[in-house]
1. Would you kindly give the portion of the calculated P(r) for the chain that falls above 17 Å, as a percent of all Cα pairs?
2. If you average the C-alpha positions of region 53-121 and of region 1-38 separately, how far apart do those two centres end up, in angstrom?
3. Can you give the Rg and Dmax of region 58-121 based on its C-alpha atoms, in angstrom?
4. Test of the criteria: in region 32-121, which trypsin sites (Lys or Arg not before Pro) are in a DSSP loop and have at most 12 other Cβ atoms within 10 angstrom of their Cβ?
5. On the protein heavy atoms, probe 1.4 angstrom, tell me the percent of accessible surface of region 52-109 carried by carbon and sulfur.
6. Per residue, what accessible area does region 47-88 have, given a 1.4 Å probe and all protein chains present, in Å²?
7. For Ser120 and Ala25 in one chain, what is 0.36 nm times their gap in residues minus the Cα-Cα distance, to one decimal in nm?
8. Let me know the longest stretch in the chain that avoids all chymotrypsin sites (Phe, Trp or Tyr not before Pro) found in a DSSP loop with at most 14 other C-beta atoms within 10 Å.
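The values are calculated or read from the model by the stated rules, or taken from the named source; none is laboratory data. Predicted model, so just to flag it, every value in this text is computed and none were measured. Glycine also receives a Cβ, built like all others from the backbone with ideal geometry; neighbour counts cover every protein chain displayed. Remember, those area values only see protein heavy atoms, side chains included, never the ligands or the DNA or RNA. Shrake-Rupley method; radii C 1.70, N 1.55, O 1.52, S 1.80 Å.
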Amino acid sequence: QVQLVESGGGLVQAGGSLRLSCAAARSMFRVDVMGWYRQAPGKQRELVADITSDGTTNYADSVKGRFTISRDNAKNTVYLQMNSLKPEDTAVYYCNAHGAPTFYSGSRVYWGQGTQVTVSS
């Protein structure tokens, strides 16, 4: 069972910064798109940003210019640098990855356990 291990959430004041990390098992045969989603109380889970294995990025309009997604392919790790945080960024942030655990496996979708980000006003 492939796991995504997240770290970096916490409590920060508005205007502050946080950096999230998410590592997939290095033994995975292939990791394609990696990304971050978030879910605020009473709302649907939404895409924050994602990045392909060749570095193409995609951002939600609400975070453009404030958040930066990056990845280290050698470590199967994705990062989310969050700057100029706002109270409306408060949510549980989930790491997401598409990939194949072995040469013989088809592509699968994996989710992290979630990490809480709270931005106080």
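1. 52
2. If we compute the Cα centre of each part, the gap is 5 Å.
3. Rg then Dmax for region 58-121, in Å: 14.4, 49.
4. Counting only loop positions with at most 12 other Cβ atoms within 10 Å, the trypsin sites (Lys or Arg not before Pro) in region 32-121 are Lys43, Lys64.
5. Percent of accessible area from carbon and sulfur atoms in region 52-109: 49.
6. Accessible surface, normalised per residue, equals 49 Å².
7. Result for the pair: 30.9 nm of gain on full extension.
8. In short, 30-102.
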